[in-house]
Amino acid sequence: MMDGLDDTADILNDDVRKPGRSETVDLTDNSLMVDISDALSEKDKVKFTVHTKTTLPEFQKPEFLVVRQHEEFVWLHDRFEENEDYAGYIIPPAPPRPDFDASREKLQKLGEGEGTMTKEEFNKMKQELEAEYLATFKKTVAMHEVFLCRLANHPVFRNDHNFRVFLEYDQDLCVRGKNKMEVIGGLMKSLTKTTDEFLLSATVKDVNDFFEQEKNFLIDYHNHLKDATAKADRMTKRHKDVADCYIKISTGLVQLSTIDNSDLEKFLTKVAETFEKARKIEGRVASDEDLKLSDTLRYYMRDSFAAKRLLYRRLRCLVNYENANRNLEKARAKNKDVHAAELAQQQACEKFEQMSDKGKEELMDFKTRRVAAFRKNLVDLAELELKHAKAQVQLFKNCLASLRDE
Amino acid sequence: MADGREPPPLFEVDIDKQDDAEDLFSSAVEDQVGLDGNELPNAFDNVSTSPKLYLQESPSVENLPSEVSAPVVKTSSLEEMEKEREDQFLDVSVTEWQKVGEGMGAYVAYKIVTYTNMPLFHNRNFTVMRRFSDFLGLHDKLSEKYLRTGRIIPPAPEKSVVGMTKIKMSNQAEQGSSADFVEKRRASLERYLNRTASHPVLKVDPDFREFLEADMELPKATNTSALSGAGMMRFLNKVGETVNKITYKMEESDPWFEEKTQQVENLDIQLRKLHASVETLVLHRKELAMFTAAFARSAATLSNCEEHTSLSRALAQLAEVEDKVETLHNDQANADFSVLCELLKDYVALIGAIKEVFHERVKIYQNWQHSQQMLNKKRELKAKLELSGKAEKGSLAGMEVIEWEAKVERCQEEFDNITKMIKKEMERFEVNRVKDFKSIIIQYLENLMTQQQQLIKYWEAFLPEAKAIA
């Protein structure tokens, strides 16, 4: 499980360091390195220790630490989303909220059922659950780290003022969790935004074919990714359940063997051992599928959503541009405020063209990143599945050979 | 095989008579509970009152000794016979089933095919159609005859109201889940017949033979139906027995039995637990198969949408792989069930049969103790009468004493015999259990291994596709 998790962080980091931006000159740019050096799980909250190492003069110190919580990461993401200057970029998606509910529930259920199982079985299951909890924990750390790294490696984002504050300011950012009103307000806003988006998609036909195509593609793609992620999640979860069943069976076989005083005793003990080992392998298959398949799908689902946001921002820009054009015509007709209108139109035009250029670059980059990530992960997935299947075949072969020898 | 002994009357009669129907009928009803030295129930020897009757009424202890015929004594000739029979085979299979009739009266008829070289049968291979109640009827008859002597009677598959209703209610079109149920039942009926056919005594029983080869419909075993009058009687009897089991505590003087009873109890608990765990595994694996299929479809849709050609192709391949994996999971779940789960269920039921036979012994012990008490009372009475000088009554009492002395002797003999028989049967059970478990578990592991090997093939085919993404 260890290798799998570390790989994820690497993969996603790889994407970030990929060339394709004309502005990035030096690939091995170490001028701003960010990582999460530590994390603490406290009741409901996870506290991440963000560690920064930098050679940039804008920072006060060359190396420093701050403690941040999930909400502060979300705050940072929202600041980028809102910033007009970044309208032409794909904003890296915010990391998902740390969710230990499932693990906690399972742990609780286990505690309740303690009386019905043997001590060994209980310990085994507890170990399994603790490993699961640890894995979830590592994952959430990796996701938060990836988010920061993408920002740190982006030539434009890394200079953002809010980003610097996030990294440096050693006090609490006072980003309290949204209270009820804000949450509802946020919901309303996102609702209207979506209808906006639909409207935009419907009424404003894009001049540029490329963007029109991309828009249609991304809407579909995002939805399918969402579906695929959900289905992959269900599948891997059930796979884990199958693996866990083996624990009970193994225990049952051990118990049968202890009350048996015939040949079966040794036989059953061997089989029980085999089941235990098979269980570990199956468990690893499930978690590798989760990492390589589900997580990749999930990440690109979020990334494709971010790409969609870019497109909609651009479309709004187009609407502004068209409005400016209309205003200019009206002004010219009335011969009033023509200069102001000309200026406005020019600005809108510039902005729009900038956005289109940048946007195209970003979208091409998105495609490259996506294809590369899928390739790496699918190859990894296949290799891991093969490795585990071969291990199981070997396990069963050995077991059968030794059973037949009896 | 017939060399060493004189042909029992059964043989000649069978060969001569063309119309066996009537005789078989009589053998089924009036056959003996006990067996003579040949271990072959002689249908025409003893025409005492039907044992069936006494089992269905509350067994009155006083009647008991007269109904029990000559107890079983294992002679050396018997052991010879059992060895001689090793080259004989009796292969029974339940090959297919078909629904007969429509609506409430509908039922399923199972086709039973037998291959044998045993001389007791008329042919070397033959086929009959039987319905589920026939199987239950067979089990009942065998129980009546042999349980009392200490044989472990293989239990018949359980009834299922839900399953039967499905059969009755389903029309030709919706065969689906009812077909599933019948298929499972067919498999368990086959296992039941094979267990019975591998028992050295049961396999030659005339009722069993009739069941396998009589080319006619068996009289409907109405007393197996849950709602019949006989069914009610059986239910009441069962309640009575259960109360008995709880209240009567036998003083066990035989350490073997003490140990074995405990072992059987432990085995029961552990097997049930293991069975439950395997059932859960089957359930989860079936769900895994379902979810894998859903994911495969989702991946296929994604592949259609994907604009990058080689990625799209890889995703399509992924969808195909997952589809195949789904089939694998389903097959494995079915194997989990039919190989492992059913084995465990059968053994839980067998343990039930063992407990029954142990309980028979307890009942016999009870009778013996009761007879002993009666004997003591009669002796006291006789002594009293003699002392008080009533010679006539005294001699009457004396006769009663002699009667009860005989009864006590018979009871003790019965008890000793059932004790011996149970020990023998348990030996046989243990040998079979070890054999069964070993072979089934090995089969299951081979299954798991094959599944993994298939997985290797599928992923190996996929890997180059993934690498080909440009």
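The values are calculated or read from the model by the stated rules, or taken from the named source; none is laboratory data. Keep in mind the model is a prediction, meaning the values are calculated, not measured. Glycine also receives a Cβ, built like all others from the backbone with ideal geometry; neighbour counts cover every protein chain displayed.
Give all pairs with beta carbons closer than 6 Å in which a residue from segment A:127-151 that is farther than 26 Å from A:Arg164 by Cα meets a residue that is polar (S, T, N, Q) and modelled with pLDDT under 90; count only pairs at least 6 apart in sequence or on separate chains.
Matching pairs, first to second residue: A:Glu132/A:Ser103; A:Tyr133/A:Ser103; A:Thr136/A:Ser103.
Does A:Ala382 meet the test of being over 30 Å from A:Ala94 (Cβ atoms) and more than 14 Å from chain B (Cβ to nearest Cβ)? Spell out the reasoning first.
Numbers: over 30 Å from A:Ala94 (Cβ atoms): yes; more than 14 Å from chain B (Cβ to nearest Cβ): no.
No; evaluated as a whole, the condition is false for this residue.
Please tell me if A:Gln354 is closer than 30 Å to A:Leu264 by Cβ and surrounded by 13 or more Cβ atoms within 10 Å (Cβ to Cβ).
Details: closer than 30 Å to A:Leu264 by Cβ: no; surrounded by 13 or more Cβ atoms within 10 Å (Cβ to Cβ): yes.
Spelling it out, it is not the case that A:Gln354 is closer than 30 Å to A:Leu264 by Cβ and surrounded by 13 or more Cβ atoms within 10 Å (Cβ to Cβ).
Being farther than 25 Å from A:Leu218 by Cα, more than 8 Å from every other protein chain (Cβ to nearest Cβ) and of a type outside the set (Phe, Trp, Tyr) is true for just one of B:Glu279, B:Glu287. Which residue is that?
Values: B:Glu287 fails: more than 8 Å from every other protein chain (Cβ to nearest Cβ).
Within the list B:Glu279, B:Glu287, the selection yields B:Glu279.
Test each condition in (1) closer than 18 Å to B:Ala289 by Cα; (2) in contact with an Asp or Glu (Cβ under 7 Å, 6 or more places away or on another chain) for A:Ser287 and report the one that comes out false.
(2)
If you check A:Tyr299 against the conditions, is it in a helix (DSSP H, G or I), more than 30 Å from A:Lys266 (Cα to Cα), among the hydroxyl-bearing types (Ser, Thr, Tyr) and in contact with a Lys or Arg (Cβ under 9 Å, 6 or more places away or on another chain)?
On the way: in a helix (DSSP H, G or I): yes; more than 30 Å from A:Lys266 (Cα to Cα): yes; among the hydroxyl-bearing types (Ser, Thr, Tyr): yes; in contact with a Lys or Arg (Cβ under 9 Å, 6 or more places away or on another chain): no.
Answer is no for this residue.
One line per residue, one yes/no per condition, for (1) in contact with a strand residue (DSSP E or B) (Cβ under 7 Å, 6 or more places away or on another chain); (2) within 16 Å of B:Leu218 (Cβ to Cβ); (3) free of Cβ contacts under 8 Å to residues at least 12 places away in the same chain:
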| position | (1), (2), (3) |
| --- | --- |
| B:Val113 | yes, no, no |
| B:Thr116 | yes, no, no |
| B:Phe121 | no, no, no |
| B:Thr127 | yes, yes, no |
| B:Arg130 | yes, yes, no |
| B:Phe135 | no, yes, no |
| B:His139 | no, yes, no |
| B:Gly150 | no, no, no |
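Which of the numbered conditions does A:Leu310 fail, given that it passes all the others? Conditions: (1) crowded, with 18+ Cβ neighbours inside 10 Å; (2) over 19 Å from the mean Cα position of the chain (by Cα); (3) touching a residue at least 40 places away in the same chain (Cβ under 8 Å); (4) more than 10 Å from chain B (Cβ to nearest Cβ).
(2)
Filter segment A:81-120 down to the residues that are crowded, with 19+ Cβ neighbours inside 10 Å and assigned to a helix (DSSP H, G or I) and list them by number.
At the first step, the residues of segment A:81-120 found to be crowded, with 19+ Cβ neighbours inside 10 Å are A:86-95, A:98.
Of everything in segment A:81-120, just one residue is crowded, with 19+ Cβ neighbours inside 10 Å and assigned to a helix (DSSP H, G or I), namely A:Tyr86.
I'm trying to understand the selection: among the residues of segment B:278-309, which are among the polar types (S, T, N, Q) and in contact with a Ser or Thr (Cβ under 8 Å, 6 or more places away or on another chain)? Reasoning before the result, please.
Step one: of segment B:278-309, the residues among the polar types (S, T, N, Q) are B:280, B:292, B:298, B:301, B:303-304, B:309.
Within segment B:278-309, B:Ser303, B:Asn304 meet the criteria.
Return the residues of segment A:262-278 that are hydrophobic (A, V, I, L, M, F, W, C) and touching a residue at least 12 places away in the same chain (Cβ under 8 Å); say none if nothing qualifies. Break it down into steps so the answer makes sense when it comes.
First, pick out the residues of segment A:262-278 that are hydrophobic (A, V, I, L, M, F, W, C): A:264, A:267-268, A:271-272, A:275, A:278.
Once the filter is applied, which keeps residues that are hydrophobic (A, V, I, L, M, F, W, C) and touching a residue at least 12 places away in the same chain (Cβ under 8 Å), segment A:262-278 yields A:Phe267, A:Leu268, A:Val271, A:Ala272, A:Phe275, A:Ala278.
What are the residues in segment A:388-405 that are more than 7 Å from every other protein chain (Cβ to nearest Cβ) and surrounded by fewer than 16 Cβ atoms within 10 Å (Cβ to Cβ), if any?
First pass over segment A:388-405, keeping only residues more than 7 Å from every other protein chain (Cβ to nearest Cβ): A:388, A:391, A:394-395, A:398, A:401-402, A:404-405.
Within segment A:388-405, A:Gln394, A:Asn398, A:Ala401, A:Ser402, A:Arg404, A:Asp405 qualify.
Given the conditions (1) surrounded by 17 or more Cβ atoms within 10 Å (Cβ to Cβ); (2) within 29 Å of A:Glu362 (Cα to Cα), and given that A:Gln347 satisfies all but one, which numbered condition is not satisfied?
(1)
Given the residues A:Ile259, A:Ile281, which is the only one that is more than 19 Å from B:Leu315 (Cα to Cα), in contact (Cβ under 8 Å) with a residue 24 or more places away in the chain and facing chain B (nearest Cβ under 10 Å)?
It is A:Ile281.
Do you know which of the residues in segment A:134-156 that are closer than 14 Å to A:Ile90 by Cα and hydrophobic (A, V, I, L, M, F, W, C) is surrounded by the most Cβ atoms within 10 Å (Cβ to Cβ)?
Among them, the one singled out is A:Leu151.
Within the set of pairs 6+ apart or on separate chains, which have a first residue in segment A:334-363 that is more than 30 Å from A:Pro155 (Cα to Cα), a second that is buried (at least 19 other Cβ atoms within 10 Å of the Cβ), and C-beta atoms under 8 Å apart?
If the second residue must be buried (at least 19 other Cβ atoms within 10 Å of the Cβ), the pairs left are A:Val338/A:Leu328; A:Ala341/A:Ala324; A:Ala341/A:Leu328; A:Glu342/A:Leu328.
Just the residues that are farther than 30 Å from A:Phe267 by Cα and touching a helix residue (DSSP H, G or I) at 6+ places or on another chain (Cβ under 6 Å), please, taken from segment B:413-441.
Correct list: B:Glu414, B:Phe415, B:Ile418.
Would you check if there is a residue in segment B:256-271 being touching a residue at least 40 places away in the same chain (Cβ under 8 Å), more than 7 Å from every other protein chain (Cβ to nearest Cβ), in contact with a Leu (Cβ under 8 Å, 6 or more places away or on another chain) and under 25 Å from A:Ser250 (Cα atoms)? Break it down stepwise before answering.
Narrowing segment B:256-271 to residues touching a residue at least 40 places away in the same chain (Cβ under 8 Å): B:256-257, B:260-261, B:264, B:267-268, B:271.
Going one step further and asking which of them are more than 7 Å from every other protein chain (Cβ to nearest Cβ), we end up with B:256-257, B:260-261, B:264, B:268, B:271.
Still in the list and also in contact with a Leu (Cβ under 8 Å, 6 or more places away or on another chain): B:271.
Within this subset, residues satisfying the condition of being under 25 Å from A:Ser250 (Cα atoms) are B:271.
There is at least one residue in segment B:256-271 that is touching a residue at least 40 places away in the same chain (Cβ under 8 Å), more than 7 Å from every other protein chain (Cβ to nearest Cβ), in contact with a Leu (Cβ under 8 Å, 6 or more places away or on another chain) and under 25 Å from A:Ser250 (Cα atoms).
Here is a yes/no grid of residues against (1) within 14 Å of chain A (Cβ to nearest Cβ); (2) surrounded by 12 or more Cβ atoms within 10 Å (Cβ to Cβ); (3) modelled with pLDDT under 80:
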site	(1), (2), (3)
B:Ala214	no, yes, no
B:Pro219	no, no, no
B:Asn223	no, yes, yes
B:Arg234	no, yes, yes
B:Met250	no, yes, yes
B:His275	yes, yes, no
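Select from segment B:432-470 the residues that are over 30 Å from A:Asn398 (Cα atoms) and crowded, with 20+ Cβ neighbours inside 10 Å and write down the one among them that is farthest from the other protein chains (Cβ to nearest Cβ). Step through it out loud before you land on a result.
Step one: list which residues in segment B:432-470 are over 30 Å from A:Asn398 (Cα atoms), which gives B:465-470.
Okay, now just the ones that are also crowded, with 20+ Cβ neighbours inside 10 Å, so B:465-466, B:469.
On the way: B:Glu465: 8, B:Ala466: 4, B:Ile469: 4 Å.
Only one residue fits best here, namely B:Glu465.
Results for (1) in a helix (DSSP H, G or I); (2) hydrophobic (A, V, I, L, M, F, W, C); (3) in contact (Cβ under 8 Å) with a residue 60 or more places away in the chain; (4) away from chain A (no Cβ under 14 Å), shown as yes or no for each residue.
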position	(1), (2), (3), (4)
B:Val325	yes, yes, yes, no
B:His329	yes, no, no, no
B:Gln332	yes, no, yes, no
B:Leu343	yes, yes, yes, no
B:Asp346	yes, no, yes, yes
B:Gly352	yes, no, yes, yes
B:Lys355	yes, no, yes, yes
B:Gln373	yes, no, no, yes
B:Gly394	yes, no, no, yes
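Taking A:Leu253 as the residue in question, decide whether it is free of Cβ contacts under 8 Å to residues at least 12 places away in the same chain, aliphatic (A, V, I, L, M) and closer than 30 Å to A:Leu400 by Cα.
Working: free of Cβ contacts under 8 Å to residues at least 12 places away in the same chain: no; aliphatic (A, V, I, L, M): yes; closer than 30 Å to A:Leu400 by Cα: yes.
No.
Within segment B:414-431, does at least one residue satisfy the condition of being at the interface with another protein chain (Cβ under 10 Å from one of its Cβ atoms), out of contact with any His (no Cβ under 6 Å at 6 or more places or on another chain) and under 30 Å from A:Ala401 (Cα atoms)?
The first filter runs over segment B:414-431 and keeps only residues at the interface with another protein chain (Cβ under 10 Å from one of its Cβ atoms), leaving B:430-431.
Now restrict to residues that are out of contact with any His (no Cβ under 6 Å at 6 or more places or on another chain): B:430-431.
Checking the rest, the ones that are also under 30 Å from A:Ala401 (Cα atoms) come to B:430-431.
Yes: segment B:414-431 contains one or more residues that are at the interface with another protein chain (Cβ under 10 Å from one of its Cβ atoms), out of contact with any His (no Cβ under 6 Å at 6 or more places or on another chain) and under 30 Å from A:Ala401 (Cα atoms).
Quick check: is even one residue across segment A:358-381 closer than 30 Å to B:Gln454 by Cβ, among the acidic types (Asp, Glu) and surrounded by fewer than 18 Cβ atoms within 10 Å (Cβ to Cβ)?
No, every residue in segment A:358-381 fails to be closer than 30 Å to B:Gln454 by Cβ, among the acidic types (Asp, Glu) and surrounded by fewer than 18 Cβ atoms within 10 Å (Cβ to Cβ).
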